[in-house]
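Report on the following structure.
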Amino acid sequence: MKYVDEFRDPQVISGVAREIARTVQPGRRYRVMEVCGGHTHSIYRHGLRDVLPENIELIHGPGCPVCVLPTGRVDDGLTIADRDDTILTCFGDMMRVPGTKGTPLELKARGADIRMVYSPLDALRLAQQNPQKHVCFFSIGFETTAPSTALTILRARALGIENFSVFCNHVTIVPAMRAILDSPDMRIDGFVGPGHVSSITGCRPYEFIARDYGKPVVVSGFEPLDILESILMIVHQLHAIEARVENQYKRIVPWEGNMPALAAMAQVFELRPYFEWRGLGFISQSALAIRADFSAFDAERIFDIPGVRVTDPRGAQCGEVLKGVLKPPQCKLFGTECNPEHPVGALMVSSEGACAAYYRYAMRAAVEA
Amino acid sequence: MAIVQPRRKTPRFADTQIEMAHGAGGVASRRLLEGLIAPYFSNPVLQAFNDAATIDVAGTSIATTADGFVVRPLRFPGGSIGELAVNGTLNDLAVSAAKPIALMATFILEAGLPAGTLESEVEAMAIAARKAGVFVVGGDTKVVEHGQADGMYITTFGVGELDRRVTLDAATIRPGDKVLLSGPIGAHGITILLARGELDLQADLVSDTRPVWPFVAALLERCTAGLRWMRDPTRGGVATALNELAREGSWGIAIFEEQVPMDDAVRGACELLGLDPLHIANEGQFLAVIASEHADAALAALRAVPGGERAVCVGEVRAEPKRCVIGVNGYGGTRVIDMLVGDPLPRIC
């Protein structure tokens, strides 16, 4: 399969792995954060830990959309599904994220009309097919998914659809990276930069990390070969005492980003003054709201959303894991109360969540031992 | 990477309501069966949790199995609910080394179902049964109000004659044994997913629904000696079937990731949708564990049957890590391959 097989060739991968092993300095530790959940998933899915030297430590970052969504926002969104005349739609990942009264899947089993869609456009189509109902899309995600939400809202307006809205939870990655860099327990030497986010934003937004914090950033693809090559590029920068933003994922990521997508986002969204992130707390200017001009499609203006704040479940240490301070199995609930079937924290829900990836692919039932 | 081995434990059912995941064939289904249902019926035949139950009638051992079919849509590329009902039931008998003899079928029909739809499904069943050389000898019909069922559901009961030349028992499996797979995986589950039309994805793909008895018969003819275990990896896929096996043993199973056969359309759909092909349902494949020295002969036997050309050795039984299924790739990376968790796919069988 084109664009897949050539990046999974065992011989080439082994070659890069050997090169990394030859290059690293014994006795030195390299703490590399892969920002994006897609990278976390790929690292476990392809067993990359096994081919990296011991002294390269991979720290899983906050780039998993459902993982950083606080419980309060889940509860807020689910109140929309309480209404008889409403169909709530969301991505598959969202279906198992626990709110205080249960996951969307559990509410659906009890009769709420909640449906999984693969694209916000599917939700818009649902609205066209069900004119007697209101269809709300529970939107989550970073700059990767925000353009498709923006374009859907633009299309809804162009088509004059009145029974469609978006509960907007889009967040932006750079403020979260800054929050981690400013965190006093931060111990990171370099970043594997997000691939899909950067296909929209380009590479420029990371320049402050190299300039102000002196940490290398390598924007990376998601195949095993991409990730290993990016790690090698970070190691080279560290050895040369350099800090630059490099683009390993040139086949997808233009340095300047995707202008039409950014324009659509700018037309529909504006920055929120602040937004709550699970584990990281409130981060200023870190999330997107729908502009007043499009308020007819903004679920937060149409519905009476309670705006609740819910503290994380007792014992769950999602925040520490999100910041890379703790490894998933070091959390008190890992594998016991919190497992992929019954997640307590959202990091256990998505296959991009550090805990779920760790549990599924590396240490199933670790705490049973 | 440290892989910690799970202990064998009987699941407890503490869920407060039934959800779709309980029907998906993965962890939740197993908990429902072993934690809620089986304890009430507790007996040695049931406790084996095999695809077919062997019972003695006046000194003769017969294999029996029951199955239910709730697939939507009723017709899909490569098959339909009627064909699935016959093949699915017969395959549960076949992988228990039982030659299918007879079937019973019960139809739960929704008021308003076009008679023509029912008739074409009955006809599909008749054709599939005739192909497999079995008779449908009885059954029942019930009708429920409009809106109370999804067109039609079919439940079946099947009887087969056990092949006395072979004893299938997971307890005979040893490290070094090989895991064979009859052909490419994932076609059924992905076909159904696409046939529902909820995704803007199209692929040239048909369900793999077919009887596996001809392949099983070939194995039984050519290499009875080393045949240890068989299973058809339906809901929950190859990963779930092998995990259920591994949890019974004092060894583990390694899958050679690059060896697992699948069509590009299945692989592409899984890459796009974030699904693991090893979790996707199959309706015309089976897995066999066979002693290493018989593996080549067994593969040759499978490949000699028309439709078995892509049979491969996909893995082996290893002493460590115990009670786990791991994936091993060509550059030495390993991962744990777990049972299906949750319900990634709509009703598929």
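Taken together, the values in this text are just the output of simple stated rules run on the coordinates, not laboratory data. From a predicted model like this one, the values you see are computed outputs, not experimental measurements. Note that we place each Cβ from the backbone using ideal geometry, even for glycine, and neighbour counts take in every protein chain shown.
Kirkwood hydrodynamic radius computed over the protein assembly as shown comes to 27.1 Å, based on all pairs of distinct alpha carbons. The fewest-to-most ranking of A:R29, B:R228 by surrounding Cβ atoms within 10 Å reads A:R29, B:R228. For the range B:52-162, what class follows from the C-alpha gyration tensor (a ≥ b ≥ c being the square roots of its eigenvalues): rounded when a/c is under 1.5, otherwise prolate if a/b is larger than b/c, else oblate? Prolate, since a/c reaches 1.5 and a/b exceeds b/c.
Would you tally the net charge around B:N91, using a Cβ to Cβ cut-off of less than 14 Å, leaving B:N91 out, and scoring K and R as +1, D and E as -1? Residues near B:N91 contribute -2 overall.
Only the Cβ atoms of Lys and Arg (+1) and of Asp and Glu (-1) were treated as charged; on that basis the dipole of the range B:52-162 about its Cα centre amounts to roughly 240 debye.
Ordered by the count of other Cβ atoms within 10 Å of each Cβ, fewest first, A:K108, A:K2, B:K178 give A:K2, A:K108, B:K178.
Taking chymotrypsin sites (Phe, Trp or Tyr not before Pro) as exposed when DSSP calls them loop and at most 14 other C-beta atoms lie within 10 angstrom, chain A has its longest site-free stretch at A:4-254. Positive end of the dipole of chain A (Cβ unit charges, origin at the Cα centre): among A:S199, A:P120, A:C331, the Cα lying farthest that way belongs to A:C331. Counted over all Cα-Cα pairs of the range B:170-336, pairs farther apart than 22 Å make up 41 percent. The mean number of Cβ atoms from other chains found within 10 Å of a Cβ in peptide B:320-333 is 5, as a whole number. May I ask you to list, by number, the DSSP H helices of chain B whose Cα span along the axis is at least 15 Å and whose average Kyte-Doolittle hydropathy reaches 0.0 or more? Result, helices passing both filters: B:81-94, B:115-132, B:292-304. With a threshold of 30 Å on the Cα-Cα distance, the over-threshold entries among A:K332/B:K322; B:K131/B:K322; A:K101/A:K332; A:K108/B:K142; A:K133/A:K323; A:K250/A:K323 are B:K131/B:K322; A:K133/A:K323.
As a proxy for reagent exposure, ranking A:R45, A:R314 by other Cβ atoms within 10 Å from fewest up yields A:R314, A:R45. Taking the Cα centre of the protein assembly as shown as origin and assigning +1 to Lys and Arg Cβ atoms and -1 to Asp and Glu Cβ atoms, the resulting dipole is close to 1240 debye.
As a ratio to 2.2 N^0.38 Å, the alpha-carbon radius of gyration computed for chain B takes the value 0.96. Residue by residue along B:12-21, Cβ atoms of other protein chains within 10 Å of the local Cβ number 3 on average.
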